[in-house]
1. Given the chain, what percent of its DSSP beta bridges are antiparallel, to the nearest 5?
2. If you place +1 on the Cβ of every Lys and Arg, -1 on the Cβ of every Asp and Glu, and leave all else neutral, what size is the dipole of the chain about its Cα centre, to the nearest 20 Debye?
3. Would you mind calculating the relative contact order of the chain from Cα pairs under 8 angstrom and at least 6 residues apart, reporting the percent as a whole number?
4. Calculated FRET efficiency, T39 and E73, Cβ-Cβ r, R0 25 Å, to nearest 0.05?
5. With r as the distance between the Cβ atoms of H46 and V90 and R0 = 45 Å, compute the FRET efficiency 1/(1 + (r/R0)^6) and round to 0.05.
6. Compute from the Cα atoms of the chain the Rg and the Dmax, the latter being the longest Cα-Cα distance, and quote both in angstrom.
7. Lys/Arg Cβ at +1, Asp/Glu Cβ at -1, dipole of the chain taken about the Cα centre: which of H28, N187, G91 is farthest positive-ward?
8. Where the accessible area of the chain is counted over protein heavy atoms with a 1.4 Å probe, how much of it, in %, is carbon and sulfur?
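The values are calculated or read from the model by the stated rules, or taken from the named source; none is laboratory data. This structure is a prediction, so every number in the text was calculated from the model and none was measured. Ideal geometry is used to build each Cβ from the backbone, glycine not excepted, and the neighbour counts take in all protein chains shown. Accessible surface areas use protein heavy atoms only, side chains included; no ligands, DNA or RNA. Shrake-Rupley method; radii C 1.70, N 1.55, O 1.52, S 1.80 Å.
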Amino acid sequence: MNSYALVTGASRGIGKSIAEALAKEGYHLILTCLNSYDTLIDLASHLKKTYRINCITMQCDAKDAESVHKLFENSPAPDIIINNAGISYVGLLQDMTIEEWNNIINTNLSSAFYTSKYAIPLMLQKHSGHIINISSVWGDTGASAEVAYSASKGGLNALTKALAKELAPSGIQVNAIACGLIDTQMNAHLSAEDICALTEEIPAGRPGSCEEVAQTVISLLNMPTYFTGQIITLDGGWI
């Protein structure tokens, strides 16, 4: 029986590309999003028809523990967790509201705790599993005017390394992909001039694609169990 993979924030961008890559490999899917649910349903229909896999969609608020709990109560046990749900905030720290800070931290970091908390007991029964967190280079270096985002991704990296040590004896791998500049809607706030200036700093000479992130996910799934606790930087040699 094919394994199930849960992808959060799967309606567009990186999550959508990861879902398609997993479907192409024959994995059954559990896909979630919060806002673009009609788009997610269309994606699921496409993946089922194209790759002949099962694809379950659920509207789930990744930053809400109860919503994630309900997700696990109403879906098959996933063998793979892709913690992709994330949001950004661009602005000075002193201008952030407390609500905005909590929204960033809960969406980008607490969400990974919630999915891991409910997935781990199921993975322990099989003595196998994968948890892959989609992080950012800013989680290591920090970015001006993106303090909350950087803090959330730095926390995600630390969670990855620590949880990998907990779960390695049980054959469960935990890794993260620290993305550089990726061509997604999250970067829509950047002007053409901003993109050009950033691209000039990147040795590869271009932003990365969502498909390249998805390819990295598939590579991690094919790594031996000894490969765990790693933060894989995907940035074209930028940082």
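1. 0
2. Working: 14 positive and 23 negative charges, 202 e Å.
So the magnitude is around 980 debye.
3. On the way: 461 pairs, mean separation 45.7, N = 239.
Answer for the chain is 19 percent.
4. Working: r = 25 Å, r/R0 = 0.98.
Efficiency computed from Cβ-Cβ geometry: 0.55.
5. My answer for the efficiency is 0.90.
6. 17.1, 52
7. Result: H28.
8. Details: 5830 of 11450 Å².
That fraction is 51 percent.
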